[in-house]
Amino acid sequence: MAAATSKASHVTSIMRLLGGWTERVSYGIPVGGAASRLIAEITISSTDEALVAAGYRFLRYNDDYRIFVRSHSEGYRALAFLAQHLHDTCGLTLQTGKTTVVGHDTFCARYLPTPEDVELQRLREQWHELTEAIGLDTSYEDIDQADLSEEQREIVDSHNLPEMFRAEMQREGEPDVPIMQFVLRRLAQRGTEELVDDVLDNMDRVYQVLPVVIEYLRSLKNTSPKRRHGIASQILDLVNGSLVSELEYHQMWLLDLFAGSTEWDHSDRFFALLGQMSSLLARRKLVLAMGRAHSAQWFASRRTHWTEESPWVKRAFLAGASCMPADQRKHWYKSIEPRLDILELAVVRWAKQDPF
């Protein structure tokens with residue numbers, strides 16, 4: 001690593017990070033954002049050099065190796081060499097389920113690209129051409145749609161963005177996050193629902209960009225109430241008991257669709273969900289959604305128990321309770337103000353100015 005830069009302090013920091021990461025227990029190389037890719041390449045580059053020095057012909061993409069040999073026995077020797085070097089230098093191990101020696105015909109049938117693979121690759125090349133045309137240094141750089149010039153937007157719109165998105169849904173492995181983000185944000189600017197069904201049918205793949213998905217759904221301009229009702233029903237079905245809902249963060253974003261607007265309907269499901277949710281973030285969004293839905297009777301029935309909730313949920317309750325009739329909320333806010341902290345008082349002042 002020191003050969004790559006003269007900044008010794010950077011090298012020291014990264015080496016400490018890697019040294020304390022696993023304590024010699026193998027968890028694999030870090031693969032994720034741009035920074036983790038760089039660290040992964042630095043981590044594993046010495047193994048590449050060792051394979052070259054040993055005379056092996058190979059290809060590597062991220063943490064996937066393809067070593068080309070003349071016989072099965074040579075293949076197993078190569079695997080043994082690779083496994084030993086990874087363990088000794090990086091504390092890494094091979095995944096037995098993905099590691100095998102195969103013959104020429106099996107390799108061609110299993111790993112060489114099919115016509116569908118070629119088409120997917122063509123679309124990915126279009127993406128790289130697109131990012132280059134609009135002046136990005138790398139295809140992983142975040143794109144601020146508002147900063148694009150009219151000419152750059154014309155370049156963007158000349159490409160089939162929905163086709164690019166669908167290609168990501170079909171490819172093996174994880175879809176490319178920058179591509180998904182860019183396509184959904186551009187379609188959100190247009191307000192078109194062209195990819196709504198693709199998104200909803202592939203939530204187990206697009207959950208990595210869930211905030212952008214919700215932003216896209218909010219942008220829909222000419223969607224009928226019936227269509228919105230159906231979309232919202234599918235989103236609520238994901239909130240409890242799906243793969244996507246395993247993280248509180250995902251539950252929060254799914255429910256955020258309802259916390260800011262009444263146009264998605266389904267207020268009849270909020271109370272039942274509130275009884276099932278243990279996540280404070282999810283409960284906060286549900287309370288806000290009930291306020292948006294003007295569930296005034298629920299807030300009136302709970303106004304003597306609101307202090308039993310966590311701080312985040314309490315503040316949501318203070319905001320949501322502004323949906324109660326004007327006289328009722330005025331007297332209730334006045335009665336509790338002496339007991340509120342500075343942040344709760346700020347929420348009440350805001351809610352008074354702009355009641356739900």
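FYI, it's all coordinate maths here, none of it is from the lab. The structure presented is a predicted model; accordingly, all values stated were derived computationally and were not measured. Here the Cβ is made from the backbone with ideal geometry for all residues, glycine too, and neighbour counts use every protein chain on show.
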FRET efficiency for Leu112 and His72, using Cβ-Cβ distance with R0 set to 22 Å, rounded to 0.05: 0.65
Potential lengthening between His266 and Asp198 on full extension [0.36 nm per residue; Cα-Cα distance subtracted]: 22.2 nm
Residues Ser46 and His104, FRET efficiency given R0 of 22 Å [Cβ-Cβ distance, rounded to 0.05]: 0.15
Alpha-carbon Rg/Rh ratio, for the range 196-314, with Rh computed the Kirkwood way: 0.97
Extension reserve of the Lys221-Asp327 stretch, reckoned as 0.36 nm per residue once the Cα distance is removed: 34.6 nm
Förster-model FRET efficiency, 22 Å R0, Ile342 and Thr307, C-beta, rounded to 0.05: 0.85
Backbone N within the range 321-337 under 16 Å of label point (7 Å from Asp354 Cα along the Cβ vector): 321-323
Pair Arg37, Arg60: separation of 7 Å Cα→Cβ label points (nm): 1.6
